[in-house]
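Report on one structure; see the data block that follows.
Coordinate-derived values only; no laboratory data. All values derive from a computational prediction rather than experimental measurement. For neighbour counting, all protein chains shown are included, and Cβ atoms are generated from backbone atoms with ideal geometry for every residue, glycine included.
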Amino acid sequence: MKKNLILDTDSYKLSHYKQYPAGTEQVFSYIESRGGLFDSTLFFGLQKALLELNQFFPNWDDFAEAKELTAAHGVPFNEDGWRELIELGYFPLEIRALPEGKVIHTQNVLVTVVNTDARFYWLTSYLETSLLRAVWYPTTVATLSFECKKVIKRYMQATCDSLDGLAFKLHDFGARGVSSEESACIGGAAHLVNFSGTDTLSAVRFARDYYEAGICGFSIPATEHSTITSWGRDQELEAYRNVLEQFPEGLVACVSDSYDIFNAVNNLWGEQLHASVTSRSGTLVIRPDSGDPEDILPILLETLAEKFGYTENGKGYKVLNDKVRLIQGDGVNLSSISRILETMTAKRWSTENIAFGMGGGLLQQLNRDTQKFAMKNSAVKVNGQWRDVYKDPVTDHGKRSKKGLLDLQNGQTVRISPEVLFAQREQSQLQLVYRNGTLHNQMSFQQIRDNADAYS
C-alpha cells in the first residue's frame, strides 16, 4: 500500500477543520508519557516520522485518492486546505523534541508541535495519529529494553569482575512475534539503542536508513528445533556433532531441549562431545527452551560445572569454563530476568554465565497505555490572542492535560510566553527538529546510544 499522509490519520480528524472557533490561527500541542509502568522514558523514534514528512509529502494523486475515499467513507474532506498545502510544498510546522536517547521523568513534554501558517491551524492535530504513533511505540520499547539493561547491569556489578559483554546480554528474538515488519524495524532499532545483539535484521536496516548507522546489531550462528529434530531422536548426538563441525570457531548457539535437556547437557555435550567442545576455538552456547528457568538453569549450571569445570572470579562467584555458556530464550521478560539472576546470585553463580533472548515480551507485549502516552492541544491562538486549552475529566483526573505554551527546562515542563515561541531558547531541553519542511539537529544512531549510555 502506497503511503498517503493525507489518509494517515483517524477518520474523525477529517471533520475537525470545521470545529475550531472562528478566527483560529494556531494550535499548539505536546506529546508526553503521563506515567505508566516506568517512572521515566528513553525517548526514541521521532526522526523517522520527520524524514517521512518530506519523503511522502502529499501530491495530487494522494489528493485525488483522499477526496474519493473520504466521500465514500462518510467524512468531509478539507479540499481547499489540502490544495493550498500541496501548492505550498511543505508542512508549515515547527516541531521541537527532546534529543533522542535522553531519559526524562514521565509527565513531562517530549515533543511540541505548532503550525507556522495561520491558514493551516487544523494541521497540528491532524497529524496527531502519525506523530504520536511514531513516538509511543519506539520510546516504550527503548524504555523497556533500558530497564532490562539496568537490571542486568546491577547483577553484573554485583557478581562479575567487569561489565564486559553487557551489550550482548539481551538479544532481540522478536521479529516473528510482532504485527508487521515495520514494527520489527522500529521496535528492534529501539532495542539496539541499549544493546548490540539482535536477530531482527530489519532493525539493523532501519537504523542504517534513518539514523546513518553502520552495522549496529550482531548475531551468531544458531540452531532451531527443526535443524536438530530433522536428524531424528536417535541421531540427536550426530545433530550436535554436525553443529560443532560446521562451525569450528567462534560463538555458536544450540537449542538442546528437543527431547531431554538434562541428558543433552550431562551425557551428549558433557561426555560424548566433551573433547570436541573443549578443543573447539570458541564458545558453545546451550539454549534450554522450555520449563521453568528458575528450576532448570541452576541444574544445568551445576552439570556444566561438573563436566567442564569452573573458576571463581574476584568477587567469589562461579564462572563456567569459557568453552560453554547458557542463553535463556523462553518466557523472558523484565520480571523473569530479575528472578533468574537473583536465583543465580543466591547460588553464587556469576551473571557472566548467561545471556537472554527476548521476543514478544520485548517488541509486542506493550501498548500505548504501558506508558500512558498522549498528544494534547494545550493552547490556541484565536483572533490574535493565545488562550489556554486543557481537559480535566471529573471521572479520571489522571487524564488532566497541561495548559499553555510549553517547554522543557531543567527536567521540568514550564510555560513560556508567546514572544519566545519561535525564538531560540537557551535553557530549553527541546531541540528544534523540524521547521517548514527542513529537518534540524538530525542525530546519528551512535549519538543516540551515547545519550542513553549516560543514564545506564
If only Cα atoms are counted, what is the Rg of the chain, and what is its Dmax, in Å? 26.2, 84
Degrees between helix 60-73 axis and first principal axis of the chain (Cα, 0 to 90, nearest 10): 90
In percent, how large is the relative contact order of region 140-363, given Cα pairs closer than 8 Å and 6 or more residues apart? 26
Rounded to the nearest 5, what is the percent of antiparallel bridges among the DSSP beta bridges in the chain? 70
Separation in nanometres of the label points that stand 7 Å from Cα toward Cβ, at residue 182 and residue 397: 3.9
Hydrodynamic radius (Kirkwood) for region 391-456, which is based on Cα pairs only, to one decimal in Å: 14.9
Could you tally the net charge around residue 421, taking each other residue with its Cβ under 13 Å from the Cβ of residue 421, Lys/Arg +1 and Asp/Glu -1? +1
Whole-Hz Karplus couplings 3J(HN,Hα) for region 223-237, θ = phi - 60° and coefficients 6.51, -1.76, 1.60, Gly and Pro as x, run 8, 10, 4, 5, 6, 8, 6, 5, 7, x, 4, 6, 10, 4, 4
Gain in span if fully extended, residue 10 to residue 453, counting 0.36 nm per residue against the direct Cα distance: 155.8 nm
May I ask you to derive the relative contact order of the chain, considering only C-alpha pairs under 8 Å and at least 6 residues apart, and to give it as an integer percent? 24
Fewest Cβ neighbours within 10 Å first, please rank 202, 444 accordingly. 444, 202
Distance cut-off 29 Å, Cα to Cα: go down the list 169/315; 150/318; 67/399; 102/153; 13/150 and report the pairs above it. 67/399; 13/150
Give, as ranges by residue number, the residues of region 25-40 whose backbone N falls under 14 Å from the point 7 Å along Cα→Cβ of residue 412. none
Any chance you could run the full-extension gain for residue 107 through residue 367? It's 0.36 nm times the residue separation minus the Cα-Cα distance, nm to one decimal. 91.9 nm
Suppose the chain between residue 118 and residue 438 were pulled fully straight at 0.36 nm per residue; how much longer would it get relative to their current alpha carbon spacing? 113.3 nm
Formal net charge of residues neighbouring residue 45 (Cβ-Cβ distance under 11 Å; K, R +1; D, E -1): +1
Relative compactness, region 351-405, computed as alpha-carbon Rg over 2.2 N^0.38 Å: 1.99
With eigenvalues of the C-alpha gyration tensor scaled by 5 and rooted, region 1-59, Å: 26, 21, 12
Calculate the radius of gyration of the Cα atoms of region 140-363 to one decimal place, then report Dmax, the largest Cα-Cα distance, as a whole number, both in Å. 17.2, 49
For helix 79-88, what angle does its Cα long axis make with the longest principal axis of the chain, in degrees from 0 to 90 and rounded to 10? 70
Considering all projection directions equally, how large on average is the shadow of the alpha-carbon convex hull of region 71-206, in square nanometres? 11.9
Helix 46-55 sits at what angle to the longest principal axis of the chain, using alpha carbons and giving 0 to 90 degrees rounded to 10? 60
Reachable lysines from residue 403, criterion Cα separation under 17 angstrom, eight or more residues apart if same chain: 376, 381, 391
Going by how many other beta carbons lie within 10 Å of each one, how would you line up 145, 335, 258, 40, fewest first? 335, 40, 258, 145
When 57, 422, 38, 91 are ordered from fewest to most other Cβ atoms inside 10 Å of their Cβ, what list results? 422, 57, 38, 91
